Amino acid sequence: MKMQGESTGKTGVAIIGCGYVFDHYMTTAWAHPEIDVRGVYDIDLARSAKVSDYYGFSVYPDLQAILDDPTVTLVLNLTSIEAHFELTRALLEGGKHVYSEKPLTTDLEEARTLFRIAEERGLVLSSAPCNFLSDSVQTMWKAVRDGAIGKPLLIYAEFDDNPIYLMKPETWRSRTGAPWPYIHEYEMGCTFEHVGYHLVWMLAMFGPVRSVTAFSKVVVPHKTDQPMHPADTPDFSVATLDFVSGVTARVTCSIAAPADHRMRVIGDEGELSTDTYRHYQSPVFLERFSQLSLNARKARSLRLQPLFGGRTGAALRAPLEVVRDDARQCRGQDLILQEAGRRRQAPRGGRAGQDARRRRDRARAADGRAVPDPARFHPPRHRADAGDPGRGDDGRRGRANHQLHAVRADGLDQGRSAQLSRQLFARLPRQADGWLHRAVAPALRSRRCSGLPPLHLLTAGRRVRTC
């Protein structure tokens, strides 16, 4: 269905609600040249004025003005959760397509009512989150369809979003100064606010759910001195979902534990995983179960991985090639994290970071200011001849390197390296620490390995014990 504005040939969009999340949407507005923001509206006129001054948008005086504007085809509903249903219904009845922030409503019957109105009037009704369209989820979805992990059996989906009550959320502000609505976050609870991020991709991949078993609790009763209504909304929940397709899922939500946004799909032949649902280009890893990979996991369970300098067997968890619709431009990161992602997009060790430092240093030199010595701020990369294996010259950990690295053993030719690797993983399940120390540890600790082939035992994800 085309949604084109009459005046510009683009999709005319009006935005209602100029609070905290508004600025996150604006952070990625540049990536959508097909959208024409016709104006904004907020019941707080000061917020409307602030947004208008910052972004140069027109301001609608009221809701009726939006309904009467023929150039507005789609309305973005960014209001508070309790206002979603009534406002979305009014917009649909006024003939506007609607995209609403999550959750669409807090009541199932209200949601059904909205979809009935949209269907009767031939309108599009959609709601955040849209992360199932991301590169990460699309890549994982294709791998599942292609049978990369065999028959899907289990899903583990985590949404621990930090102990925010300890992080001074009352001080958080958006780009235009809107406060983060932490009281609403506490009142609505982590489940209503966040579980949709995992449900959308699980339902898209595996279909409807037959039954749910759930538990929730208030684990941190006192999060703020401000009054809350209600005051006892759970800040932790866990649910087990039984899908009609036979898949079983466990979903966890909390705002009391350190951040964990992992997604894992386990089949009878392997596992797919990604570290976060939030970064839309988070790499997806595939591990095909084999005797080699399972032996590596056995070594890790025996706490033998320090001898290998890192995450034993991680090399067997290979990243998949990203899958995208060829007709769809890659949008990159999630709207919610776009601003933070842009700030981190020039890592200090990458070319973009180096170029930025050069420009800054030239500007400092032109102004007669001292140019800082990079060695003061950046620890040297790890060298094999440093005193402590796995640490840089100054004793600090080597800088992160997310490419695969191998550990080499001294005095071994390529054939002998492969033979030792096979023997090691064949014997690990039957032998204890003593054999491993006697047979392998001296070789791994040896520093005289220049020019020797790699012994793929392996480590990955960080630059440690490479030579």
> Yes or no: P230 in a loop (DSSP other than H, G, I, E, B), more than 24 Å from the chain's Cα centre (by Cα) and either more than 21 Å from P103 (Cα to Cα) or not hydrophobic (A, V, I, L, M, F, W, C) (or both)?
Replying inline: yes
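With the structure loaded, tell me whether S237 is outside any loop (DSSP other than H, G, I, E, B), at pLDDT 95 or above and over 21 Å from the mean Cα position of the chain (by Cα) or whether it fails that test.
Answer is no for this residue.
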> Looking at the stretch 51-65, which of the residues that are touching a helix residue (DSSP H, G or I) at 6+ places or on another chain (Cβ under 8 Å) and of a type outside the set (S, T, Y) is surrounded by the most Cβ atoms within 10 Å (Cβ to Cβ)?
Replying inline: V51
> Of the residues in the stretch 136-158, how many are crowded, with 22+ Cβ neighbours inside 10 Å and in a helix (DSSP H, G or I)?
Replying inline: 4
>> So for the stretch 99-107 (the condition being modelled with pLDDT under 95, buried (at least 16 other Cβ atoms within 10 Å of the Cβ) and acidic (D, E)), does at least one residue qualify?
In response: no
> Taking the stretch 184-219, which residues are among the β-branched types (V, I, T) and modelled with pLDDT of 95 or more?
Replying inline: V209, V212, T213, V218, V219
> Residue check: is A214 touching a Gly at 6+ places or on another chain (Cβ under 6 Å), more than 23 Å from N131 (Cα to Cα) and either surrounded by 20 or more Cβ atoms within 10 Å (Cβ to Cβ) or in the same structural domain as D275 (by TED's automatic domain parsing) (or both)?
Replying inline: no
> Residues of the stretch 277-325 being at pLDDT 90 or above and of a type in the set (V, I, T), which ones?
Replying inline: V284
> Within the set of pairs 6 or more residues apart or between chains, which connect a residue that is at positive phi inside the stretch 225-254 to a residue that is assigned to a loop (DSSP other than H, G, I, E, B) with Cβ atoms less than 9 Å apart?
Replying inline: G246/K151
> In the stretch 249-284, what count of residues is obtained for those that are small (G, A, S) and outside any loop (DSSP other than H, G, I, E, B)?
Replying inline: 5
>> Suppose the filter is on the phi > 0 side of the Ramachandran plot and under 21 Å from the mean Cα position of the chain (by Cα); does G189 pass it?
In response: yes
> If A214 satisfies every condition in (1) touching a residue at least 40 places away in the same chain (Cβ under 8 Å); (2) aliphatic (A, V, I, L, M); (3) not in a loop (DSSP other than H, G, I, E, B) but one, which is the exception?
Replying inline: (1)
>> So if I check each of F85, F132, which one is within 30 Å of L272 (Cβ to Cβ) and of a type in the set (F, W, Y)?
In response: F132
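The values are calculated or read from the model by the stated rules, or taken from the named source; none is laboratory data. Since the structure is predicted, the reported quantities are computational estimates derived from the model, not experimental observations. Cβ: placed from backbone, ideal geometry, glycine included. Neighbour counts: every protein chain shown.
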